[in-house]
Amino acid sequence: MKFPQLKHLIESYDRFVITCHETPDGDAVGSEIALYHGLLDLGKRVEIINADPVPDKYGFLFEKGTVRTIDEIDLNQSFADTALIILDTNDIHNIGTVGTKILPVTDEYFIIDHHESGDDIETGRVIEVEASSTCEILYKIMRELEIPVTRPMAKALYAGVIYDTGCFAYPKTTAFTFQVAEDLVGRGADPYQLYSAIYESNSISSLKLQSAVLAGLELYFNQQVAVQTMLKETLEEAGALYEEADAIINFPLRSETVRVSVFFKENTEGLLRCSLRSKGNINVSQIAQKYGGGGHKTAAGFKAPYPAEEMKRLILADLHPYF
């Protein structure tokens, strides 16, 4: 038995709350929906509660009301005899208000994730940093625990896999990833439908946002580092949603010379985040951890503790040794 801790957790509780990191992405949402159905099929009582709303483009994966934000629930209810399962992050500070309002009043919490971490984790966990995605890990868990992978679960898991592998192009994509994808397609995941929903459903306002951000592209270190900035004014002028900026970080890496892409993005409340992507041997996860964040060697991020211009100066200094 590869997952004895998780098997014991599932056997020990009848009620579960599932959550993920702030600003949920495809892997986070896919893993939540797959685990939700898996636990329901075992006869458990299950809720998905997130700090932030799920982007509209993932709405096809679940029925309305399946995923709620913490603002939509009654916090006076009891969470006794409840286990909290945290997906796609190993940092309890990265689950937002779920971490401050729900985690302390549940009996136990458990982490399932594939990101590197600089901190010791003192709770039950399944963390496989070599996995392409949390959805890939959940697929293994379902098969190991003999939980049938139904069509809704297959769709959700496949969506997470293609999101976190960049459609099977990122470094952690392995032969096993393709085996997982093949099996999920056989169980009802439609590759074209899922690709179209995730990558071909952007609004016109998102195109305007991308254009505005790319217009301000800055290049450093002989055009090997690209820096983009999206302030809340840019977001508002484009009329776009914050989550519609997710793909912008990847655009500069399509250039032959760019090895690192840095994206500062501010939401409508003024909260600034920094996303980092890299090619080759540049470990952006180490940089993100320095500022309280984390991620993978080639994809990481953090909440910026300083204004954009100051953060840009610091990040460029951190990258200087590579160039």
Compute the accessible area per residue over the chain, keeping the other protein chains in place, probe 1.4 Å, unit Å².
-> 45
Of 71-77, 96-102, 49-55, ordering from highest average Cβ density within 10 Å down gives 49-55, 96-102, 71-77
For the stretch 153-211, size of Cβ-based charge dipole, Lys and Arg +1, Asp and Glu -1, in debye | 160
How much accessible surface does LYS2 have with a 1.4 Å probe, in Å² rounded to 10?
-> 120
Restricting to the chain, compute how many DSSP beta bridges are antiparallel as a %, nearest 5.
-> 40
What per residue convex hull volume, in Å³, do the alpha-carbon atoms of the stretch 1-159 yield?
-> 107
Loop trypsin sites (Lys or Arg not before Pro), the stretch 229-311 (other Cβ atoms within 10 Å of the site Cβ: 15 or fewer; DSSP) | LYS279
Sort 29-35, 190-196 for me by packing, meaning the mean count of neighbouring Cβ atoms within 10 Å per residue, highest on top.
-> 29-35, 190-196
Debye-sum result for the stretch 1-69 in log10 I(q)/I(0), which assumes one identical scatterer on each alpha carbon, at q = 0.17, 0.26 Å⁻¹ = -0.63, -1.19
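Calculate the dipole size of the chain relative to its Cα centre from +1 charges on Lys and Arg beta carbons and -1 charges on Asp and Glu beta carbons; express the result in debye to the nearest 20.
Result for the chain is approximately 700 debye, rounded to the nearest 20.
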Virtual spin-label span in nm between VAL185 and GLU146, 7 Å along Cα→Cβ = 3.0
The base-10 log of I(q)/I(0) that the Debye equation returns for the stretch 84-136 at q = 0.12, 0.16 Å⁻¹, one scatterer per C-alpha, is -0.25, -0.44
Going toward the positive end of the dipole of the chain, with +1 on Lys and Arg Cβ and -1 on Asp and Glu Cβ, which of THR69, ILE48, ILE248 do you reach last?
-> ILE248
Of HIS114, HIS93, HIS320, ordered by accessible area with the largest first and a 1.4 Å probe, the sequence is HIS93, HIS320, HIS114
Can you pull the percent of the chain's accessible area that's carbon plus sulfur, 1.4 Å probe, other chains left in place?
-> 49
Expressed as a percent, the portion of alpha-carbon pairs in the chain spaced more than 37 Å apart is 14
Sum of -39500 (n - 2.57) over DSSP H runs of 4+, divided by residues of the chain (222 nm, nearest 500) = -10500 deg cm²/dmol
Relative contact order for the chain, counting Cα pairs under 8 Å that sit 6 or more residues apart, in percent = 13
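The values are calculated or read from the model by the stated rules, or taken from the named source; none is laboratory data. Quick caveat: nothing in here was measured; it's all calculated off a predicted structure. Quick reminder, even Gly has a Cβ in these numbers, built from the backbone with ideal geometry, and neighbours come from all protein chains shown. Accessible surface areas use protein heavy atoms only, side chains included; no ligands, DNA or RNA. Shrake-Rupley method; radii C 1.70, N 1.55, O 1.52, S 1.80 Å.
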